Amino acid sequence: MGAQGRERAKRPTIADIARRAGVTKAAVSFALNDQPGVSTATRERIMRIAGELGWQPNSAARALSDGRAGALGLVVDRPAGFLGVEPWFMQLIAGIQGVLAERQTPLLFTVAEHRDAELELYRSWWARRRVDGVFLVDLRIEDPRPGALRALGLPGVVVGDPDGAGGLAAVWTDDAAGARLAVRHLAELGHRRIARVTGMADLWHTRARTGEFLAVAAAAGIEARCELADYTAAGGAEATHRLLSGGDPPTAIIYDNDLMAVSGLGAAQRLGVHVPGDLSIVAWDDSVLCSLVHPALTALTHDVLGYGAHAARVLLGVLEGGGGPGDGGGEGERTGVSEG
């Protein structure tokens, strides 16, 4: 590329605007920052020229001047390959991004190899003024992240149980209600041995689901057990194989996400177990995966896009000083059973 091409690709500056408008750089700065010091006509001319040149404020300079980065952050402590096949996270991010796009607020998103790496990212982002606030997902029992954010002064919203939010604002789904609906649905179908393939045991929502699942099953006189897995397809298939290969296998299995439910269906079919004749399957998360398999799966419905959008609005409210719905609280999401 020649010198002329490089000049065309150069990012426009305040000096370029000043030269085109025939004013000083100070006058341009006053106009762009909506400060007194220039006439209305001059301000309008400067703003018009800035638009023609495609000028945008430098985010680093803006952060130095007003302390705001103009971006929000999300770190997921899961393998990158997992996110590529996990519909729930993709819908959550889409919901967040939909709200932020309306505000022209970028979302700084990355994955971390482990929890310590995630904490270090928050420290680095805050020290370098890369983000104004963050979303915390996969809330764990005795999670160090809420306390770390409070110590840093970094605003955050927990996408999870407010009991573990450490005083941060939180938005959450009613996991206990989902467990009740699933168990009662299967009880109405006549099932007396029900199993559940869970996510990681130290997650707050796993604990809430497990407690309600076992309590409702016991009250209904249903034999219930939980098999630990990790939300992956391989984990779901292995847990299903363990459940169906033992004595007195369950006649119904609830899976903590759609990916494990679909892989569980495949594992059951490979063992010669007929679905739904011999085994009923319920997926916690409804997604296109549940309708693409044969037979299609029964699933709990969640407005995950709305959930992400709500989380974004709450965090923006916190940054604007409104606190969002319930500092340390938020609005729960309605959960229902959808027949596949």
*Cross-chain or 6+ apart pairs with Cβ under 7 Å, the stretch 102-113 first and closer than 15 Å to Glu320 by Cβ, then assigned to a strand (DSSP E or B) and open to solvent by less than 50 Å² (accessible area, probe 1.4 Å)*: Thr105/Leu72
*Only one residue in Gly147, Gly166 is in a loop (DSSP other than H, G, I, E, B) and farther than 24 Å from Asp230 by Cβ. Which one?*
Gly166
*Could you list, in sequence order, the residues of the stretch 228-255 that are among the aliphatic types (A, V, I, L, M), surrounded by fewer than 24 Cβ atoms within 10 Å (Cβ to Cβ) and either within 29 Å of the chain's Cα centre (by Cα) or not in a helix (DSSP H, G or I) (or both)?*
Leu228, Ala233, Ala234, Ala237
_Can you tell me which of (1) crowded, with 18+ Cβ neighbours inside 10 Å; (2) of a type outside the set (Gly, Ala, Ser); (3) over 20 Å from the mean Cα position of the chain (by Cα); (4) under 16 Å from Val85 (Cα atoms) is the one Asp258 doesn't meet?_
(3)
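Pick out the one residue from Val275, Val288, Val216, Val282 that is aliphatic (A, V, I, L, M), within 22 Å of Asp303 (Cα to Cα) and either surrounded by fewer than 15 Cβ atoms within 10 Å (Cβ to Cβ) or free of Cβ contacts under 8 Å to residues at least 40 places away in the same chain (or both).
Values: Val275 fails: within 22 Å of Asp303 (Cα to Cα); Val216 fails: within 22 Å of Asp303 (Cα to Cα); Val282 fails: either surrounded by fewer than 15 Cβ atoms within 10 Å (Cβ to Cβ) or free of Cβ contacts under 8 Å to residues at least 40 places away in the same chain (or both).
That would be Val288, the only listed residue that is aliphatic (A, V, I, L, M), within 22 Å of Asp303 (Cα to Cα) and either surrounded by fewer than 15 Cβ atoms within 10 Å (Cβ to Cβ) or free of Cβ contacts under 8 Å to residues at least 40 places away in the same chain (or both).
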*Which of the residues belonging to the stretch 172-208 are among the basic types (Lys, Arg) and either open to solvent by 40 Å² or more (accessible area, probe 1.4 Å) or modelled with pLDDT under 95 (or both)?*
Arg180, Arg184, Arg192, Arg193, Arg207
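Can Thr110 be described as among the β-branched types (Val, Ile, Thr), in contact with a helix residue (DSSP H, G or I) (Cβ under 9 Å, 6 or more places away or on another chain), surrounded by fewer than 17 Cβ atoms within 10 Å (Cβ to Cβ) and at pLDDT 90 or above?
Working: among the β-branched types (Val, Ile, Thr): yes; in contact with a helix residue (DSSP H, G or I) (Cβ under 9 Å, 6 or more places away or on another chain): yes; surrounded by fewer than 17 Cβ atoms within 10 Å (Cβ to Cβ): yes; at pLDDT 90 or above: yes.
Against the criterion (among the β-branched types (Val, Ile, Thr), in contact with a helix residue (DSSP H, G or I) (Cβ under 9 Å, 6 or more places away or on another chain), surrounded by fewer than 17 Cβ atoms within 10 Å (Cβ to Cβ) and at pLDDT 90 or above), Thr110 qualifies.
The values are calculated or read from the model by the stated rules, or taken from the named source; none is laboratory data. Keep in mind that what you see is a predicted model, and the values were worked out from it rather than measured. Virtual Cβ from ideal backbone geometry, glycine too; neighbours counted across all protein chains shown. Keep in mind that these areas ignore ligands, DNA and RNA; they rest on the heavy atoms of the full protein, side chains included. Shrake-Rupley method; radii C 1.70, N 1.55, O 1.52, S 1.80 Å.
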